[in-house]
């Protein structure tokens, strides 16, 4: 119980949360969530040696992450202003307020507001919480002499390796993401989880677990998701569907879709009748040539001629068939084609 996370935080006067060099989204989300949960109870700051990228802008409180280490001393610097142009600097206390006066030399303008730059230096933290990382090279600030007497606490999903002369307490444990580990520590310690903290942790767990596909994802992961959503956390909405334009006549489809053959309907425009026997052309006779017989001696077969008697017989037969045919025989027909699915 002495080395519990809550006990370490409760006895700390000032806390510094350190993110690794070029941190992942999950590490930034978990560090910010811890910062937001502790800032109302402790003097806490969060720092990262690398600048924040655009990807992190959707996290609540990302503007609180500073590249400068420490907040012990305030430094006032005048940019693009010659130091020799300043005659003297004085200060006084008026109505319990400190006032600094910069007096320039004669006929020289004082520094403008745009030329004033404020910064901090020096570290006064007695507890350092390092988030993620694998070894000491990811946190170059912890080897600083100003942090030599501070207690080091590690939070992550795997153990970290530090130099032999640097002792630390690790709260790393197997999980889907660092955000899930931070959620467990905040929940176990009884620290608050408001809507902003829950939203950051939700985003960190989802990104850190690669949409819940990592091997560390378990039932505890989904239990944490449910609790964070009940606390007011909001999941980031997926990208909206973009409408695609197709050229006229094209049919969009995917390889898994099955396209059925269209239904074909045939409708004749004019009433058609079957051809009569007299309209069928007679076959052309073919002369058989014997190669062993000279061409001059091959007799030509006479072409038969249709007699008028034969034509009359055919016409009478066709007339009888038309009289005995069904009534719908001469009506137009509609044929429909189908295809098996």
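The values are calculated or read from the model by the stated rules, or taken from the named source; none is laboratory data. Since we're looking at a predicted model, the values are computed, not measured. Neighbour counts run over all protein chains shown; Cβ positions are idealised from the backbone, glycine included.
The helices (runs of 4 or more DSSP H) falling completely within region 158-267 that include 1 or more residues that are farther than 27 Å from residue 41 by Cα, at pLDDT 90 or above and out of contact with any helix residue (DSSP H, G or I) (no Cβ under 9 Å at 6 or more places or on another chain) map to 219-230. Just to be sure, is residue 88 free of Cβ contacts under 8 Å to residues at least 60 places away in the same chain and farther than 21 Å from residue 128 by Cβ? It is true that residue 88 is free of Cβ contacts under 8 Å to residues at least 60 places away in the same chain and farther than 21 Å from residue 128 by Cβ. Residue 63 meets the conditions (1) without any contact (Cβ under 8 Å) to a residue 12 or more places away in the chain; (2) closer than 24 Å to residue 196 by Cα; (3) in contact with a strand residue (DSSP E or B) (Cβ under 6 Å, 6 or more places away or on another chain) in every case but one. The failed one is (3). Filter region 44-67 down to the residues that are within 16 Å of residue 203 (Cβ to Cβ) and in a loop (DSSP other than H, G, I, E, B) and list them by number. Result: 52, 53, 59, 60, 61.
This table checks each residue for (1) farther than 21 Å from residue 33 by Cβ; (2) outside the structural domain of residue 36 (by TED's automatic domain parsing); (3) in contact (Cβ under 8 Å) with a residue 40 or more places away in the chain; (4) surrounded by fewer than 13 Cβ atoms within 10 Å (Cβ to Cβ).
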site	(1), (2), (3), (4)
152	no, no, no, no
161	yes, no, no, yes
183	no, no, yes, no
211	no, no, no, yes
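Kindly establish whether residue 49 is in contact (Cβ under 8 Å) with a residue 60 or more places away in the chain and either within 30 Å of residue 17 (Cα to Cα) or not assigned by TED's automatic domain parsing to the domain that holds residue 207 (or both). Spell out the reasoning first.
Details: in contact (Cβ under 8 Å) with a residue 60 or more places away in the chain: yes; either within 30 Å of residue 17 (Cα to Cα) or not assigned by TED's automatic domain parsing to the domain that holds residue 207 (or both): yes.
Yes: the conditions hold for residue 49.
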